[in-house]
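The values are calculated or read from the model by the stated rules, or taken from the named source; none is laboratory data. Fair warning: this is a prediction, and the values are worked out from it, not measured in the lab. Cβ atoms come from the backbone with ideal geometry, glycine included; neighbour counts cover every protein chain shown. These area figures cover heavy atoms from the full protein model, side chains too; ligands, DNA and RNA do not enter into them. Shrake-Rupley method; radii C 1.70, N 1.55, O 1.52, S 1.80 Å.
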Amino acid sequence: MSRRVICLRHGQTLWNVEHRFQGHSDIPLDETGVAQAARAASLLASLRPSMIVSSDLQRALVTASALGRVAGLDVTVDKDLRERGGGEWEGLTREEISAGWPREFVSWEAPGGEQVAEVAERVSTSIRRWAAELDSDGLLVVVSHGAAIRLGIARLMGLPEELWPALGGLGNCSWSVLEEGRKGWRLLEHNAGTLPEPVQSDDSPEATED
């Protein structure tokens, strides 16, 4: 058996709808986000998670708590799972950012914000730390944020930084599934919204088992 990690993005917020950079701003779920969290909880609880760890920002923590209630698990809070800090861009729309910082907009590097490498390192380190506490067949659910999850997964898988943009984003209350194999962590599903299906493939021995 192999340890697995599900990385779950939080439910929708008003700032998501308005396309505002949230970063470390502590924005609550909206009504749709609460419903999304409840739906994700009902699905993921059936996988019998061993542990739930969440960002300390309320949009993630409320999403995690919905799963915790259904799964009968406490939620552990880890600030290292926070979203990428947006510096001067927090609360601004993409149009406002593009107009005010055209050069930085192209590279998506917010003045006063976190560098992608910093976010990737802190999130992947957090995932490794909590996954290490699992039994050999345990399942960890990490509840975090879109950019934080994407960057953390890329770093966890050992992808070179120039390939990190190849991983797409996650929708609200969608998730990605990682499994620890003989040669490290591998991505089984990305931006999913339904329960994982067993993989039967001629691709390689590791596609089905270790």
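Observations on the model:
- Two-site FRET efficiency, GLU96 against ASP56, from Cβ-Cβ distance with R₀ of 25 Å, rounded to 0.05: 0.40
- GNM top mover of ASN16, ASN191, ASN172 - the chain, alpha-carbon springs below 10 Å: ASN16
- Each residue, THR32 and THR194, gets one label point 7 Å from its Cα in the Cβ direction; the gap between the two is 2.2 nm.
- Carbon and sulfur %, accessible surface of the chain computed with the full protein complex present, 1.4 Å: 49 percent
- Residue-wise HN-Hα couplings along the range 67-80, as the Karplus relation 6.51 cos²θ - 1.76 cosθ + 1.60 with θ = phi - 60° gives them from phi, are 5, x, 5, 6, 7, x, 10, 6, 9, 8, 9, 9, 4, 5 Hz; Gly and Pro carry x.
- Candidates ARG122, ARG82, ARG94, ranked by Gaussian network fluctuation over the chain, Cα under 10 Å, top entry: ARG94
- When the helices of the chain are scored as -39500 (n - 2.57) per DSSP H run of n ≥ 4 and the total is divided over every residue, the value at 222 nm lands at -10000 deg cm²/dmol.
- Here the Debye sum runs over all C-alpha atoms of the range 1-41 as equal scatterers in vacuum, and log10 of I(q)/I(0) at q = 0.15, 0.20, 0.32, 0.34 Å⁻¹ comes out as -0.44, -0.66, -1.12, -1.16.
- When each of the peptides 176-186, 147-157 is scored by how many other beta carbons lie within 10 Å of its residues on average, the order from highest to lowest is 147-157, 176-186.
- Accessible surface calculations at 1.4 Å, restricted to protein heavy atoms, place the chain at 49 Å² per residue.
- Most mobile of SER174, SER54, SER98 in a GNM of the chain (Cα contacts under 10 Å): SER98
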